[in-house]
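To keep things clear, I will list the structure first and then write my remarks on it.
Nothing in this text is a laboratory measurement; each read-out follows from the coordinates by a stated rule. Quick caveat: nothing in here was measured; it's all calculated off a predicted structure. Note that each Cβ is placed from the backbone with ideal geometry, even for glycine, and that neighbours are counted across all protein chains shown.
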Amino acid sequence: MKILVADVEGVFLPEIWINVAEKTGIEELKLTTRDISDYDVLMTKRLSLLKENNLKIQDIKDVISTLEPLEGALDILNWIRKESQIILLSDTFEEFAKPLMAKLNYPVLLCHSLTIDEKGNITDYNLRIDNQKKEAVKALKTLNYHVIGFGDSYNDIGMIQEAHQGFFFNPPDSVITDFPDIPVTKNYQELKTMIGSLLKP
């Protein structure tokens, strides 16, 4: 039995932190896992920037409330769910993702959580498990699933390489250069073609 796992931001949704950066004018918040492969380094920097600029959870939620799925994302996700099962694996946080999942018709999402104090300050982040994307694929394999994985960034590499079949979706050139052996799809039509071929018996 086949099952798909996929990243969320950059695949089905816009990058949340980039939009927060554009709204607030804090350029360094534009950095994502496409730029910094070490997630702890990236999140420590983000939390420091939020504190320095007195940004609270509500400020980020206000930005998130304006976001919509990428054009065509809901259609391709609905198609995938008709053809197979899919689990979204993201390094975002429950507090960010909930309103956006409603716009994607509530797919299954595994992600992390935040620690927020009584004043609304984001004081820490809580990983559900280290390397959660790769570990989720491992767990699915122990359940005798044939796993197909795709994403766009450095933090998707473990998931893609652990899957029985994995590929990129619209990654930056730096990721393609660093991992030239991983197949690449550039748009939803190519994604549909790739998934369709991999789901064939």
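Some notes on this structure:
- Overall Cα dimensions of region 12-75, principal axis frame, Å, largest first: 38, 27, 16
- If you sort the three axes of the alpha carbon gyration tensor as a ≥ b ≥ c, you get a/c of 1.5 or more for region 137-200 and a/b no higher than b/c, which makes it oblate.
- For region 81-145, a simple Cβ point-charge model (Lys and Arg +1, Asp and Glu -1, everything else neutral) yields a dipole of about 460 debye relative to the Cα centre.
- Relative contact order computed over region 61-201 (Cα-Cα under 8 Å; 6+ residues apart), in percent: 15 percent
- Prolate/oblate/rounded call for region 1-117, Cα gyration tensor, a/c under 1.5 rounded: prolate
- Gyration tensor (alpha-carbon) shape descriptor, the chain, a/c threshold 1.5: prolate
- Each Lys and Arg contributes +1 and each Asp and Glu -1, all at the Cβ; summed about the Cα centre of the chain, the dipole is approximately 760 debye.
- Most to least packed among 194-200, 115-121, 84-90 [average Cβ atoms within 10 Å]: 84-90, 194-200, 115-121
- Considering only the chain, percent of DSSP beta bridges that pair antiparallel, nearest 5: 15 percent
- Each of 21, 157, 84 was placed along the dipole of the chain (beta-carbon charges, centred on the mean Cα), and the one lying farthest toward the positive end is 84.
- Distances between placed amide hydrogens fall under 5 Å for residue 185 paired with 168, 169, 170, all partners being 5 or more residues away or on another chain.
- Debye, to nearest 20: dipole size of region 59-113, +1 on Lys, Arg Cβ, -1 on Asp, Glu Cβ: 260 debye
- Links that overshoot a 32 Å alpha carbon limit, given the list 45/133; 56/82; 23/138; 30/119; 134/186; 51/141: 56/82; 23/138; 51/141
- Over region 89-133, Cα pairs under 8 Å with separation of 6+ residues give a relative contact order of 37 percent.
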